[in-house]
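See below for the structure under consideration.
Nothing in this text is a laboratory measurement; each read-out follows from the coordinates by a stated rule. Being a predicted model, the structure only gives us computed values, none of them experimental. Backbone-built Cβ (ideal geometry, glycine too); neighbour counts: all protein chains shown.
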Amino acid sequence: SVSVMAALEQEQPPSNENYEKLLSSYLGFSFAIFLGLIPKSSISLVSALQSRNRDLSLKLIHAEDQLRQLHSRRKEDSKANARVVEIFASHRHAWQQEEKRLLQQIDTSAEEIALLRAKVEELEKLEVELKANVEELKREVAEGDEMLNFMARKSEFDDSSETGGGCVSNDNFSEVAAARFGKFRVS
């Protein structure tokens, strides 16, 4: 027994390769025994599970393909959205520039309207003054005409008094005319 122990000690421990072969053989043998002990009805269950496994594998492949397509579409959509945002930003900038231009135009027009209103107001005041001046001039012209008519009648009256028909003296007539119309000088 001592010699057997000495012989075992001299042997090298099994290498990894031998160990893997031994484990593989053990698993294969165990699986073969397991399959031998499975009842016959379970064998159809194994084929059903294999069929189900194939179906699930096909579904997995199909789902992975759909996922790749979905990622591809999302990438394209992302690029398209970026382009839309870029286009919208450029349009928005143009709209803002147009809005600024229109607001400046409105401000300029508002200033012009205010100036025109002030001018209209000034012209309306001037019109009122001119109408008052015209009325004053009409009144003065009417008074001047009346004075000329009066003077013409006086002159006729004086002519007729020289012939004997007048009763008012020249001095009284001049005083009455001066009191009524102011002093006029007729040239």
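Neighbours of GLN66 by Cβ distance under 14 Å: Lys/Arg scored +1, Asp/Glu scored -1, total +2. Residue ranges 49-60, 142-153 sort as 142-153, 49-60 when ordered by packing (mean number of other C-beta atoms within 10 Å per residue, highest first). Here the label points at MET151 and ILE61, each 7 Å from Cα along the C-beta direction, are separated by 13.1 nm in the simple model. For segment 107-146 versus segment 55-85, the spacing of their alpha-carbon centroids is 81 Å.
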